[in-house]
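Everything on this sheet refers to the single structure shown next.
The values are calculated or read from the model by the stated rules, or taken from the named source; none is laboratory data. As the structure is a computational prediction, the values presented were derived from the model and not from experiment. No Cβ is skipped: glycine too gets one built from the backbone with ideal geometry, and neighbour counts run over all protein chains shown. Only protein heavy atoms, including side chains, enter the accessible area calculation; ligands, DNA and RNA are left aside. Shrake-Rupley method; radii C 1.70, N 1.55, O 1.52, S 1.80 Å.
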Amino acid sequence: MDQSAMVSPWITLFVIWLSVGVKSVEIANISHPCAYAHTVNITDGLRMKDGSYSYAGVVVPPHLTAEYSFKVIDGVEYRAKKHLRGCVCLLKPCISFCCPENLVFDAKHWNCTKPHQVRESTHVELTYANRSVEQVRIRDRFVVRTELGCRNKFVDKKHENFWQWDLLENGTLQRDNRLWSTDEYCFSPLEHKPEQWELTPLNCERFQTGYRVWIYAICSIIAIIINIFILSLLCSVRDARKSHYGQLIIYYLLSMIVGYSLLVYLALKNPMKLTHVACRNIGFLAYFCIMLSFVFLAICSLDFLLKFKQMSVKNSVRQLGLALAVVAVIGLRFLVSLAQDSKLPKHFKPGMGEDYCWFDVRTWGILIYYYGPIALLLIFTIVCCLKAYFSIYELPPDTQYITVPSTQLKIVKTHFYAFSAYIVGVFAVWIREIVVYIMARVREHFFIIDFWSGICILGLAIAGFILLLGKNLYVKSWWAINVESSQTDLSIINGRVYKFDEKGDLKSSDSPYKPTVTSL
């Protein structure tokens, strides 16, 4: 394989990556007079002679109207039939209701139902800038929207702070020391006490629960435990942890354990119960650890290639390379952080610290900043493994030792074959992840947590136990000497049959154990 064969996969993936970005730019650059959150569907509004529209007592001039071919739910664009929208909320503050008029939100069935008694909500408490509160007529101060702003609403009627909130003059809601924009909450009458109903805002909840989460979490936790066992055993065996291969596998396992532990924590923790800083930092730390694990796999494959090429590398150069790799991942982490804080379109952002603490799978950001680099690293790893495999056959037939310090070729080959088999499994799992994501993105049918990902993580942990630990010759040698030999000695001792007389004394004169008399 020549140098061009090694570069071509990188070019192909870069072209795919760029095409996705260009498509997203085209979508983001469509001209609209205002953000979707400030618009209202005015198809049913009264069109006037000058082209303006009258809606809910507000006259919307022509330059503030446009046709939209998408809708926004939970802050993400979805395809929709073309419809006319106007920037009504720029002219008069808007608030959202969860259900159409004369319907209330049913917290048990999570839908809009008709109550036994019609409950009209005509007034709401408004908090002014000077913190004074006034009961105002809703339609006098706001334009009411009933479009679906979010799929999941947060309802917690048991706690008193759920009923404590402030509606500001611009339609923004203040609750739990946080400001919620008009598309992040909706109002609905709820029963606070028996036969006592109150108009209450329901915040949009981005936290997923159910069997998918638990399958993912349980499989991931078992996988983490298996990887901790592999890591502890590799660290216990001196020859394994001193070898270059063993060191890189230890670094890989350590990074992966920390990364997946953080992801499991985020899967089980409601982001609404985390501060914005904590939510964001945990997500970025998990990202750093997982990306670092793939870098260690790439370095390990490159190390095998250099060994079979019989190219010696000084230990200082090797340590410098590892340090530079870690610095590169740190730089990537801050690059993603800058993208999150930039003014890029939402589809270009990773989404960490916004609706979710981890990547927002409803946007293209996860493909650009997560799946893209992982795919590049895995392609580099596989290319190095293939080149290393063919380099084995270029060695002289009488070769028994390679590299400095000298290592038996048989040991290096055994480790390489086990590592290559493991990489094939890793590649298959992550190709599956990318394909599932792209299909879900195209269909606009998202699972924030895919329980099959947890099953795949568990499968990789089992493969690591078999290939990275079971096929490690240093570990097998240590096990044979320290475990199997001690068990053999114990079985020999327990297997001896000694004959005793009626008094309980040994009859055999050649027994190594002589009867003794002990005075009490």
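Quantify how much of the Cα-Cα distance distribution of segment 249-357 extends past 16 Å, in percent. Cα-Cα pairs of segment 249-357 separated by over 16 Å account for 65 percent.
For the listed residue pairs Lys71/Lys153; Lys71/Lys157; Lys82/Lys114; Lys153/Lys346; Lys108/Lys349; Lys193/Lys269, the alpha carbons are over 24 angstrom apart in Lys71/Lys157; Lys82/Lys114; Lys108/Lys349; Lys193/Lys269. For the pair Ala440 and Phe334, the difference between a 0.36 nm per residue extended length and the Cα-Cα distance amounts to 35.4 nm.
Could you compute the net charge surrounding Ala56? Neighbours are other residues with a C-beta less than 10 Å from the C-beta of Ala56; K and R count +1, D and E count -1.
Values: positive: Lys92, Arg139, Arg145; negative: none.
Charge balance in the 10 Å sphere: +3.
In this structure Arg141 has an accessible area near 80 Å², from a 1.4 Å probe over the protein heavy atoms. Considering segment 31-90 at the alpha-carbon level, its Rg and Dmax are found to be 11.2, 36 Å.
Eigen-decomposition of the gyration tensor built on the alpha-carbon atoms of segment 211-479 gives equivalent ellipsoid semi-axes of 35, 20, 17 angstrom, largest listed first.
Measuring with a 1.4 angstrom probe and ignoring ligands and nucleic acids, Glu101 comes out at about 140 Å² accessible.
Here's how it looks for Cys94: its modeled amide H is under 5 Å from those of Val143, which are all 5 or more places away or on a different chain.
Show me the ranking of peptides 223-232, 434-443 by mean Cβ neighbours inside 10 Å, starting with the highest.
Final packing ranking: 223-232, 434-443.
Would you mind putting 336-345, 373-382 in packing order, based on average other-beta-carbon counts within 10 Å, highest first?
Numbers: 336-345: 14.5, 373-382: 19.4.
Those peptides, ordered most packed to least, come out 373-382, 336-345.
Relative contact order of segment 211-479: what whole-number percent is it, with Cα pairs under 8 angstrom and at least 6 residues apart?
Numbers: 295 pairs, mean separation 81.8, N = 269.
Relative contact order for segment 211-479 comes out at 30 percent.
Gln164 sits among other residues whose Cβ lies under 13 Å from its own Cβ, and their net charge, with Lys and Arg +1 and Asp and Glu -1, is -3.
Both numbers refer to the Cα atoms of segment 94-204; Rg and Dmax are 13.2, 39 Å.
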